[in-house]
1. Looking only at the stretch 310-339, filter to residues that are over 20 Å from L383 (Cα atoms) and either basic (K, R) or part of a strand (DSSP E or B) (or both); which one of those is most open to solvent (accessible area, probe 1.4 Å)?
2. Can you say whether S392 is modelled with pLDDT under 85, of a type in the set (S, T, Y) and either within 28 Å of M89 (Cα to Cα) or outside any loop (DSSP other than H, G, I, E, B) (or both), as far as the supplied structure shows?
3. Step by step: first the residues of the stretch 23-40, then only those that are within 13 Å of the chain's Cα centre (by Cα) and within 26 Å of N116 (Cα to Cα), then the one that is most open to solvent (accessible area, probe 1.4 Å). Which residue is that?
4. Can you tell me which residue in the stretch 43-78 is nearest to the chain's Cα centre (by Cα), limited to those that are closer than 16 Å to E30 by Cα and either polar (S, T, N, Q) or part of a loop (DSSP other than H, G, I, E, B) (or both)?
5. Determine whether T284 is open to solvent by less than 60 Å² (accessible area, probe 1.4 Å), in contact with a Cys (Cβ under 7 Å, 6 or more places away or on another chain), at pLDDT 80 or above and farther than 29 Å from P69 by Cα.
6. Is one or more of the residues making up the stretch 340-354 outside any helix (DSSP H, G or I), assigned by the TED database to the domain that holds D254, of a type in the set (D, E) and within 25 Å of the chain's Cα centre (by Cα)?
7. For the stretch 73-101, give me each residue that is modelled with pLDDT of 90 or more and among the charged types (D, E, K, R).
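The values are calculated or read from the model by the stated rules, or taken from the named source; none is laboratory data. On a predicted model such as this, the values are computed, not experimentally measured, just so you know. When we count neighbours, we look across all protein chains shown, and the Cβ atoms used for this are built from the backbone with ideal geometry, even at glycine. We work out accessible area using only protein heavy atoms, side chains counted, and drop any ligands, DNA or RNA first. Shrake-Rupley method; radii C 1.70, N 1.55, O 1.52, S 1.80 Å.
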Amino acid sequence: CGGSISNSSGMLQSPFYPGNYPNNADCVWEIQVENNFRVMLTFRDIAMQSGRCQYDYVEVYDGPLHSSPFLGRLCSGSFPTYISSSNMMTVRFHSDSRYTFRGFQAHYSSIPADHNITLLCLPDYMHAVVSRDYLQSQGYSAQMVTLNDDRCKPTVTSHEVIFNIPYNGCGTIREENDDTINYSNMIKVTSSGYIIKRKKNIHLHISCKMLQNTWKQIMYAAEDTVDVNENQFGRYDMNITFYNSSSFLRQVHDSPYYIDLNQNLYLQAYLHSSDPNLVVFVDTCVASPDPHDFNTLAYDIIKNGCVKDSSYATYYSPYSHVARFKFNAFEFISRHTFVYLQCELVVCRLGDYSSRCYRGCISRSKRDTSSDDERVNVVVGPLQLREGDAQSRTTA
């Protein structure tokens, strides 16, 4: 029921389809395809409690659930097709506590976007590419393309004009509001200095918009020019590594990582971003013998910020984009050849005390529908019990 999907095509369906779906379901699928592709979603079957779709329904959003345009709500009747304006689409299925029916089935696939102008929001800079064929079709040359700060020059190839624009330079503006951080800049295409100008200037407004852990990438043209609208989404670049002691000086590169029962395991979560005003929070860590299934057989170490294992502890970190913690190897590992960890990490604005990162342990008895639900999942491992060592020990 729900989850993040990154395949180029596949099938979505309500739980137990074609059998009846359960009551009180609330499933959210995030479909994210490659950059500069679009998501096409086609419904093939739908049978729910009909009427005005108040009780059981499927909703489609043009991007992340909490910050994107609403495309439609369905419960019976026609089988429409939706196409996203970016490389991301969200599908939500909801049922109440009364009647159940067969549910829905839909097929999704990725289709190429317009490649005249492309944008990637990378960890340290915005990568914007303008096609020279597109410029020529509008009557412009590559020499007419500049950044808002004209000291930052593009790379011009035989087919493209390429800008690598840092988040903290080249005139990039950083703005904050209630739930996003927005980095914006502008590429200008201007007619050279004639007294009489017969063509309008083109302004390509570039924006990388961060909502918790999601980059929303926007490029659009203003001033009655050619309508260019480029949206992309991506995940934060995050990793988790093991260290051999609480000093966090020497990283463990072994795979699998051979350990003893009750040995202290030291972990560091690291966010790769050029923005220093972000903070990382470890929300959930779960152990499982299967790297693809953290539900069937799993052991909670920390969940929703609430410590579940008594050996779990956090360490001081000198950087806000680094989180450090530890726990002890447990009996769980003695019954399985390998053990993997999946940790859910949340990224917030530094000093935003209303955000998830500063709220600690949260009971999820009531569904939290805020944007804080958007997280980064990182799987690490495998861990393997060291053979021939019956003595349990604790390292420094």
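1. Residues of the stretch 310-339 over 20 Å from L383 (Cα atoms): 314-323.
If we keep only those that are either basic (K, R) or part of a strand (DSSP E or B) (or both) too, we end up with 314-315, 322-323.
Details: T314: 100, Y315: 75, V322: 10, A323: 14 Å².
Among them, the one singled out is T314.
2. Working: modelled with pLDDT under 85: yes; of a type in the set (S, T, Y): yes; either within 28 Å of M89 (Cα to Cα) or outside any loop (DSSP other than H, G, I, E, B) (or both): no.
Criteria not met by S392.
3. Step one: of the stretch 23-40, the residues within 13 Å of the chain's Cα centre (by Cα) are 29-35.
Now narrow it down to the ones that are within 26 Å of N116 (Cα to Cα): 31-35.
Numbers: I31: 0, Q32: 37, V33: 12, E34: 130, N35: 65 Å².
That would be E34.
4. P64
5. Values: open to solvent by less than 60 Å² (accessible area, probe 1.4 Å): yes; in contact with a Cys (Cβ under 7 Å, 6 or more places away or on another chain): yes; at pLDDT 80 or above: yes; farther than 29 Å from P69 by Cα: yes.
So T284 fits the description; yes.
6. Going through the stretch 340-354, the residues outside any helix (DSSP H, G or I) turn out to be 340-354.
Of the ones still in play, those that are also assigned by the TED database to the domain that holds D254 are 340-354.
Those left that are additionally of a type in the set (D, E): 344, 352.
If we keep only those that are within 25 Å of the chain's Cα centre (by Cα) too, we end up with 344, 352.
So far as the stretch 340-354 goes, yes, one or more of its residues are outside any helix (DSSP H, G or I), assigned by the TED database to the domain that holds D254, of a type in the set (D, E) and within 25 Å of the chain's Cα centre (by Cα).
7. Once the filter is applied, which keeps residues that are modelled with pLDDT of 90 or more and among the charged types (D, E, K, R), the stretch 73-101 yields R73, R92.
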